[in-house]
Every structure is written in structure tokens, then in C-alpha cells.
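The values are calculated or read from the model by the stated rules, or taken from the named source; none is laboratory data. What you see is a predicted model; the values in this text were computed from it and never measured. Don't worry about glycine lacking a Cβ; one is built from the backbone with ideal geometry, like all the others, and counts go over all protein chains shown.
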Amino acid sequence: MPLDDSAAERFDPMMLQMAQQVAAMADGENPINLMLDLYFGFLRRKTDFFEGGDQCRDAVYAAFERQAKAHAKANPSAAASAAKRAEAAKAEAAAKAAREAEAEARRAAEDDARLKRVRQAELDRKLAEQKLAADGTPKIQEITEDDDEAPDGAGAKGEEEEEEEDHDALAPGTTMPNDGNGGDATHYAWTQTLQDVDVRLRVPSGTPAKMVVCDITKKGLTFGVKGQPPLIDKGELWGEVNTEDSFWTMEDKGTVLLNLQKRSDMEWWSCVVKGDPEIDTRKVTPENSNLSDLDGDTRATVEKMMYDQRQKSMGLPTSEEQMKQDTMKKFMEAHPEMDFSNCKFS
């Protein structure tokens, strides 16, 4: 039978004295752990307690359970709080597991959708190449003075009958940019601004950061996980980057976020690594709200790029082409005596 509290209290002075001495020699360690170690060390050195094997361990657990129940009985509010904390911890663990499972399912769905887009883009590119090979390179007939003698005006038809370009169509072999002005590749999705490129690469779920291999050079990228074939092996980047300002971080348990700082902040990338699917940069739509953050010269350059992109998409001349046309128009008006009917302008 275990001692009741009234009988056990006779030993409190000795136990308190021992506890004070142990606390003085703890040196940062938990004094209670030291007391337990001293007590079981005493049993080991001075008794045959440990010769009992499993019975020894059972006796320790039984003593602990008796004292734990006595504590709960004497402190019902503390026991209730402990039970509440245990229940909350259990609920939080279950919620965390559910969140991780949901995140894993979301990543898998995103990967499946991305791979479908990549396969479709590759198929479209091959079809465009086949169509171009079948159609051949169109020949442009040069207009000369002898064209006036061609029967039925054959030499004058060219431009009128030339099929108008579909300015809404994508450039051959390219895809439409995503909402972040980027695109998709087999192992990653990416977005961009004029200043940087964000690449989200998939790694096996639970991959620790120390297992990630990432080497960024001015024009190259190697990425993978230790012990596995690299996802990107010395790939050539579309443009040069500032290696000092480029970095990577674990975005979640299955995704690495790679931020590449462009050396030139006046161009849109068609892809991250050359050879991967390309986007049509004519369809890029930069955030107008960010223009106010730029200095005067940079803002003027960006606005000019945006204007030229809109003009190209509508089949209209760019700012430079319009300037050339205006200059030629003024020259022709200033020299009415000259005949420009047979001149070709590019």
C-alpha cells in the first residue's frame, strides 16, 4: 500500500533539503530530472531493484499513475485544464494534418493542370511547325514599272489580296501568358515583372531545405534535390540575372520559390530556361498601378513599351514606325516637285 500524505509528509524536510542541494548543482539542467536520476542511481547502487526487469519498470509507472491521480483529485481545475490542453493539442494536430493533406492535394491538382497545359503547348507548337512546313515560305512579289504590263493587272493585286494578319492570334509556338505574365514548364510555373522572375519548383513533399541543390549563375540555373537527378541541369536562362540579389526559399513542404533579379529591367522574358515552352510577350499586360513607383525615365520607357505592344496587337504602327511615317510625310509635303509613286518604304 502506498503511504498516505500524512505519513509521507514526515519525509518532506529530508526531500526538501535534497531538492535544494540538487537545485544548487543543476547548472542549467532540470532539477527534477537530477533528483530522479539521483534516486534511481541510489536504487541501482544500494539495492537489487533493477534485477526485477519489467517488474521494475511497471513499479515505476504504477507509482507515477498513483501520484498523478492523487494530484488530479486534489486539483480538479488543474486536471481539467490539462485535459483541455491535451484535447486542444490533439485537435490542432488533426487540423494540421488535414491542412497538409489539403495542401498536398492542391499541389497535385496544380501539377496535373500545369502538365496538361505544357503537353498541349508542345502539341500546338508541333502543329504550327508542320503547318508552316506545309504552307512554305510566302513569296512577296516586288512591284516594278513592268507590272503595269502584266495581264489582267496581275502585278497590282498582291497587297489587296494578301490575307490580313490575325493580330489576336498568338505567335507560332507560343502560349498565352498567365495572370502573372509568366507561363508553365514541366517542373515549375513562373511569373514575372520587368524587374524579376518568380519560379515555383516542385520537390517531393517534406523535402528539408538542406537537401535542396540550387546554383544560380549570370546565365545559368541548376536545381534539384540531393540524391536525385536534377530537375534543371545547367539550363541556360532566357536573360542575364544579378546573382547577388537572386535567392531561393522553401515556400511550403513541397514547393521552392526561386526569385531571379533581371539584369535588364526593360525586357519581358519568353521563358525561364531556353528550350522550355515560351509565352507570347506581345500579350503581356503589366500592372499600370506600378508605374507610379518608377522614376521618370524608366516610366517613360515602360509606357512606350506598353503603347508599342498595344499598337502591334491591333496591327498599327509602333511609335518609331509612326515617327518615320510622319517624317517622310513632312518631307514629301516639303518637296511636291519630287515623284514618290514608285518608292518603297520599310
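Within region 225-240, being part of a strand (DSSP E or B) and either under 26 Å from Ala109 (Cα atoms) or small (Gly, Ala, Ser) (or both) holds for Val225, Ile232, Asp233, Gly235. Considering only region 36-45, I want to know if a residue exists there that is modelled with pLDDT of 85 or more and surrounded by fewer than 10 Cβ atoms within 10 Å (Cβ to Cβ). Yes, there is a match, as at least one residue in region 36-45 is modelled with pLDDT of 85 or more and surrounded by fewer than 10 Cβ atoms within 10 Å (Cβ to Cβ).
For region 140-156, the criterion of being under 48 Å from the mean Cα position of the chain (by Cα), modelled with pLDDT under 90, closer than 30 Å to Leu316 by Cβ and surrounded by fewer than 19 Cβ atoms within 10 Å (Cβ to Cβ) is met by at least one residue.
Determine, yes or no, whether Thr175 is β-branched (Val, Ile, Thr), modelled with pLDDT under 90 and either in contact with a helix residue (DSSP H, G or I) (Cβ under 6 Å, 6 or more places away or on another chain) or on the phi > 0 side of the Ramachandran plot (or both).
yes
With the structure loaded, tell me whether Glu104 is loosely packed, with under 11 Cβ neighbours inside 10 Å, in a helix (DSSP H, G or I) and within 53 Å of the chain's Cα centre (by Cα) or whether it fails that test. It is false that Glu104 is loosely packed, with under 11 Cβ neighbours inside 10 Å, in a helix (DSSP H, G or I) and within 53 Å of the chain's Cα centre (by Cα).
Restricting attention to region 247-271, the residues that are under 24 Å from Asp111 (Cβ atoms), of a type in the set (S, T, N, Q) and out of contact with any helix residue (DSSP H, G or I) (no Cβ under 6 Å at 6 or more places or on another chain) total 3. Answer yes or no as to whether Arg99 is of a type in the set (D, E, K, R), over 22 Å from Lys253 (Cβ atoms) and part of a helix (DSSP H, G or I). The answer is no for Arg99.
What are the residues in region 67-84 that are surrounded by 12 or more Cβ atoms within 10 Å (Cβ to Cβ) and either more than 23 Å from Leu3 (Cα to Cα) or modelled with pLDDT of 75 or more (or both), if any?
Passing the criteria: Ala68, Ala70, His71, Ala72, Asn75, Ala82.
Applying a threshold of 8 Å to beta carbon distances and a minimum spacing of six or more residues, or different chains, the list of pairs starting in region 278-293 at a residue that is of a type in the set (A, V, I, L, M, F, W, C) and ending at one that is in a strand (DSSP E or B) and at pLDDT 60 or above reads Ile279/Thr174; Ile279/Thr175; Ile279/Gly183. With respect to the conditions (1) part of a loop (DSSP other than H, G, I, E, B); (2) surrounded by 13 or more Cβ atoms within 10 Å (Cβ to Cβ); (3) modelled with pLDDT under 90; (4) not acidic (Asp, Glu), Met266 lacks only one, and its number is (2). In the list Thr243, Thr222, which residue meets the criterion of being over 20 Å from Ala108 (Cα atoms) and part of a strand (DSSP E or B)? Just a single option satisfies the conditions, and that option is Thr222. Answer yes or no as to whether Ala134 is at pLDDT below 80 and either over 30 Å from Gln311 (Cβ atoms) or assigned to a strand (DSSP E or B) (or both). It is true that Ala134 is at pLDDT below 80 and either over 30 Å from Gln311 (Cβ atoms) or assigned to a strand (DSSP E or B) (or both).
Thr186: more than 25 Å from Trp268 (Cβ to Cβ), in contact with a strand residue (DSSP E or B) (Cβ under 8 Å, 6 or more places away or on another chain), surrounded by 14 or more Cβ atoms within 10 Å (Cβ to Cβ) and of a type in the set (S, T, N, Q), yes or no?
In short, no.
Does Ala109 qualify as being surrounded by 11 or more Cβ atoms within 10 Å (Cβ to Cβ), assigned to a helix (DSSP H, G or I), under 18 Å from the mean Cα position of the chain (by Cα) and modelled with pLDDT of 85 or more? Criteria not met by Ala109. Restricting attention to region 198-211, the residues being within 27 Å of Asn178 (Cα to Cα) and outside any loop (DSSP other than H, G, I, E, B) number 5.
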